[in-house]
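Novice: This is the structure I have questions about; it appears just below.
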């Protein structure tokens, strides 16, 4: 009985297609870990910001998890990464705005606006990160089109 032919070619080709279609489980696990760590860090920064609103004492925001997981997030969630990168790049300016206080711990309107805009960006980044994590894997067709356009 002949076992070669199209069946064996199809089976050999499936290894290639599997790598092309299915995401790497280790990469997915790394992304899930990164997203959870950064999501917790963003939640902590929102809490610190709320403490500032109550006490008017400057705070120092957390950024270690984002720094730790930058490479994974850049590859696994490029749309969310752009906003996350901007949020974390805005930390020094936001902390400085919190430190600049006038009489009776008042803030200049432009500092208050900067802080509030940053808080909104943090919440938006958190939503986008969660959406990227919950998104279904890309379809075969979208992967083929992205590959033809020069993407990965």
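The values are calculated or read from the model by the stated rules, or taken from the named source; none is laboratory data. Here the structure is a predicted model, which is why all the values come from computation and not from measurement. Using ideal geometry, Cβ is built from the backbone for each residue, glycine included, and neighbour counts are taken over all protein chains shown.
Novice: Could you tell me whether segment 117-134 includes any residue that is closer than 22 Å to residue 90 by Cβ, more than 20 Å from the chain's Cα centre (by Cα) and either touching a residue at least 12 places away in the same chain (Cβ under 8 Å) or assigned by TED's automatic domain parsing to the domain that holds residue 81 (or both)?
Specialist: No, there is no match, as no residue in segment 117-134 is closer than 22 Å to residue 90 by Cβ, more than 20 Å from the chain's Cα centre (by Cα) and either touching a residue at least 12 places away in the same chain (Cβ under 8 Å) or assigned by TED's automatic domain parsing to the domain that holds residue 81 (or both).
Novice: Residue under question is residue 59, and the condition is that it be touching a residue at least 24 places away in the same chain (Cβ under 8 Å) and closer than 29 Å to residue 33 by Cβ; does it hold?
Specialist: It is true that residue 59 is touching a residue at least 24 places away in the same chain (Cβ under 8 Å) and closer than 29 Å to residue 33 by Cβ.
Novice: Residue 133 passes all but one of (1) over 22 Å from residue 39 (Cβ atoms); (2) surrounded by 15 or more Cβ atoms within 10 Å (Cβ to Cβ); (3) modelled with pLDDT under 95; which number fails?
Specialist: Unmet condition: (1).
Novice: Residues of segment 29-42 being free of Cβ contacts under 8 Å to residues at least 40 places away in the same chain and touching a helix residue (DSSP H, G or I) at 6+ places or on another chain (Cβ under 9 Å), which ones?
Specialist: 33, 36, 37, 40, 41
Novice: List the helices (runs of 4 or more DSSP H) that sit entirely inside segment 1-86 and contain at least 1 residues that are at pLDDT 85 or above and surrounded by 14 or more Cβ atoms within 10 Å (Cβ to Cβ).
Specialist: 25-55, 64-76
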